[in-house]
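This report concerns only the one structure given below.
The values are calculated or read from the model by the stated rules, or taken from the named source; none is laboratory data. In this text, all values refer to a predicted model and were calculated from it rather than measured experimentally. Methodologically, a virtual Cβ is constructed for each residue, glycine included, from the backbone with ideal geometry; neighbour enumeration extends over all protein chains shown.
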C-alpha cells in the first residue's frame, strides 16, 4: 500500500496536534485557576456579607418574604437606596431636615439611581459553588490505585445512593408517631444511638491501645475520647426511661442518625480516594449540599396556612404572603366558577396609573381616563377590569364629600381605602390589601361599574362580604383574599386544645386532632398534631402554629402546610460537614501531638520569648 505523505510531514502534523492539545489543556487549567482562586472566594464572601447586611436593614421596611425574594432568591438584586437608611436609626436626621423619612428623601434626590443592581443571593451562591468545584478539581488529586481506587469509587457511589434514598424515603413518611413516621420504633432508634456510641468508644479505645504508629499523647487523647463516649452510653443505658429523649427530640435524632450513616460511608470512600485530604473533601461536599438545599427550597418549596374552626372542613390552603382577586359566579349545575387574578398582575396594572396635578389627567382616580396598561383582559368573563389603585397594606375610613375615590355604590360609597406602610419583618401581622377596579365592556372599554374591594371585608371579617356586579344578567362576586391552592384531600378539625404553663397565660402546647379524607375514598384517617411534632402526609408536612379562642365554645387552629421535597437535605448536609470536619481536624491534631512528642520545642514557648 502506497502513501503520498512523507515522514517529515507526518511528524510535523503530529507535533501540531500535540501543540494544540497542550494549548487547550493549558487554557482549561488557566480557566480553572481563575474560577477556583482564593481571591474569587474572598470577593464572594465579601459580597455575601454586603447582601446579608442590606437585606437585614430592608426588613425595617418590608416583610421578610419580600426581602428574601428581592435580595436572596434572585439572580440580580435591586438594592433600594432607602433600605440603607432604616427609619428607626435615622429619625434624628429626619427631624433635623423636617422630613418624615430620611431614606426616602435621599432616594428622591438620586432620580434613576434609587435602585442599584447588585449580585443576588443565587448568583453569589452559584459562583461560590463553581469556585469550590474548580478548586477541588485542581488541588485534590486521587491518590488511590488498583483495588483501593475501586473500593473508594464503590463506597463514594454507595454514599451518594444512600443520600438520595434517605431524601426520597423522607417524603414517603406518614403520620406523627414512631412506627408510622419512621422505619424503626423509638426504642430501636434509642438503642441504635447507644450502640453507635458504644462501638465508636470501643473502636477509639482499641485504636489507642493497639496502634503502633501513634505517639503517647495521641494515644491518651484518643483513648480519653473513647472512654468519654463509653461513659455517656453507659449513663444513658443505666438511666432507662428517665434518660431518654422526648418524642420530638427522638425524631430529630433519627434524622441525624440517617444523615450520619450517609456521612460515614462517604467519608470512608473519600479517605480511600484522597488519603489524608478525605476529610476536607467531605466537609466541602457538605457545604455544597447546603447551598444546593437552599436553591431547591427557593425554587420548589411551598409554604401555606390552613385555618379551621372546630367541626369545619377545608380542601384548600392559603399563602398569606400573596393575594388574589377572586371573581366568582354560579354555573348551571350550582357549582362555583372562580377566576382568580394574581396580586402581581394587579400591582403591575396599578403601577401605570399616574397621579397628575390636573384632575382630568389622573388615571388613578374614580372616573379618570384609563391607560391600556391598566387593563387586565379576562378571557373567561364577559368583561375586563382596569386597576385604578392597589394598596398592599391599607386601612379604611369613612368617606368624605371631597374624596376623589368616592364611588356611587358598594363599599366605596361609604368607605375609602387609605394606604399604610407594608408590614415589616419585625412584626407578626400580615398586610391587609385593597384594590380599586373598574369593570369594562369588552371592545368598547366602557366602564360598567367601579368598586372598592377590600381584603378586610372579603376575608378577615367573621362573615365575608363580597362586592357584587351584574353583567349580561349574571351576578358576579368579587373577593380580595389570600391566594388559595386546592389540595387533593380535605381536612376536618375534630378538636383543638391549648395548655398553658401553670399559673401563667403563656402557651406550653397547642394540639389539634384532624381528620383527612381523600376524594374517591371512604377511608378517613385521624391524626394528632402538636407543637414540635409535625404530621407528614403525602409529601406535605403539617406544623401546629397557632390557636384562637373565638368564644361561644368555638376554637380555631392554624396549621402551617409545607411542601418541601428536600427537607432532609439540611440534616444530611450538616452531618456530612461535621464528619468531614472532625476527620480533617482530628488528623491535624494527631499529627501535631506526634510532632510535639518527637520535638518538644515545637510545643513549648522559649523562656526568652516576650509578649
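Of the residues making up the stretch 550-573, those that are assigned to a helix (DSSP H, G or I) and surrounded by 19 or more Cβ atoms within 10 Å (Cβ to Cβ) are 569, 571, 572, 573.
Every listed requirement among (1) surrounded by fewer than 16 Cβ atoms within 10 Å (Cβ to Cβ); (2) in contact with a helix residue (DSSP H, G or I) (Cβ under 9 Å, 6 or more places away or on another chain); (3) assigned to a helix (DSSP H, G or I); (4) in contact (Cβ under 8 Å) with a residue 60 or more places away in the chain is met by residue 273 save one, (1).
Among the residues of the stretch 422-429, are any without any contact (Cβ under 8 Å) to a residue 60 or more places away in the chain, surrounded by fewer than 18 Cβ atoms within 10 Å (Cβ to Cβ) and over 22 Å from residue 482 (Cα atoms)? No, because not a single residue in the stretch 422-429 is without any contact (Cβ under 8 Å) to a residue 60 or more places away in the chain, surrounded by fewer than 18 Cβ atoms within 10 Å (Cβ to Cβ) and over 22 Å from residue 482 (Cα atoms).
Looking at 116, 161, 155, 93, which is the one that is modelled with pLDDT of 95 or more, farther than 29 Å from residue 30 by Cβ and surrounded by fewer than 16 Cβ atoms within 10 Å (Cβ to Cβ)? Step by step, each of 116, 161, 155, 93 is checked, and only 161 is modelled with pLDDT of 95 or more, farther than 29 Å from residue 30 by Cβ and surrounded by fewer than 16 Cβ atoms within 10 Å (Cβ to Cβ). Counting only residues that are at pLDDT below 95 and closer than 22 Å to residue 565 by Cα, the stretch 304-314 holds 0 of them. Of 412, 443, all but one fail to be more than 33 Å from the chain's Cα centre (by Cα) and part of a helix (DSSP H, G or I); the exception is 412. Test residue 207 against the stated conditions and say whether it is in contact with a strand residue (DSSP E or B) (Cβ under 6 Å, 6 or more places away or on another chain) and surrounded by fewer than 18 Cβ atoms within 10 Å (Cβ to Cβ). Taking the combined requirement at face value, the residue does not satisfy it. There is at least one residue in the stretch 530-538 that is in contact (Cβ under 8 Å) with a residue 24 or more places away in the chain, closer than 30 Å to residue 341 by Cβ and outside the structural domain of residue 391 (by TED's automatic domain parsing).
With the condition kept exactly as written, say whether any residue in the stretch 288-297 is assigned to a loop (DSSP other than H, G, I, E, B) and either surrounded by fewer than 20 Cβ atoms within 10 Å (Cβ to Cβ) or touching a helix residue (DSSP H, G or I) at 6+ places or on another chain (Cβ under 8 Å) (or both). There is no residue in the stretch 288-297 that is assigned to a loop (DSSP other than H, G, I, E, B) and either surrounded by fewer than 20 Cβ atoms within 10 Å (Cβ to Cβ) or touching a helix residue (DSSP H, G or I) at 6+ places or on another chain (Cβ under 8 Å) (or both). Of everything in the stretch 448-461 that is assigned to a strand (DSSP E or B) and in contact (Cβ under 8 Å) with a residue 60 or more places away in the chain, the residue that is surrounded by the fewest Cβ atoms within 10 Å (Cβ to Cβ) is 448. Here residue 464 clears all of (1) touching a helix residue (DSSP H, G or I) at 6+ places or on another chain (Cβ under 9 Å); (2) surrounded by fewer than 13 Cβ atoms within 10 Å (Cβ to Cβ); (3) farther than 25 Å from residue 549 by Cα except the condition numbered (3).
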